Amino acid sequence: MFKNGLQNVLSKALVLDLMGIVKQYLFMTPSILIVSLVFIGISMAVSAILKSRFAAYSKIPLKARLTGKEVAEKMLRENGIYDVKVVSVQGFLSDHYNPLTKRLTLVLRFIAIIV
């Protein structure tokens, strides 16, 4: 009985202590809140502009029938780079190069280039 009572007291103390820590770190002054909201708004606007421009330019008709993967492989080979693997994946704005695995990942949906 005493053991259960002690556990209840300790658990309540721990919960209260954790709540105090959370309140301390979640506390924001109005000026910090306003600045945060301004930066969130700016980042959302930049993201929307980037996505709309990318979508608009991805609809331009292409003259060449090469995919981005083929162009990347050709550029790598012409420059003597043979240890980089080029792969195509599904996604949106997720092209990237991983230097640890030497892997160039290109989005399958938009891989093409004008000659």
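A short reminder: the numbers here are calculations on the coordinates, not readings from a lab. The structure presented is a predicted model; accordingly, all values stated were derived computationally and were not measured. FYI the Cβ positions are ideal-geometry reconstructions off the backbone, even for glycines, and counts take in every protein chain you see.
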Modelled label-to-label distance, L100 and S52, 7 Å Cα→beta-carbon offset: nm? 3.8
Give me, ordered by chain and number, the residues 5 or more places off D95 or on other chains with an amide H under 5 Å from its own placed amide H. V107
Show me the chymotrypsin sites (Phe, Trp or Tyr not before Pro) within segment 25-89 that DSSP assigns to loop and that have at most 10 other Cβ atoms within 10 Å of their Cβ. F27, Y82
Taking 0.36 nm per residue of sequence separation and subtracting the Cα-Cα distance, how much length would be gained by fully extending the chain between I42 and Y82, in nm to one decimal? 10.3 nm
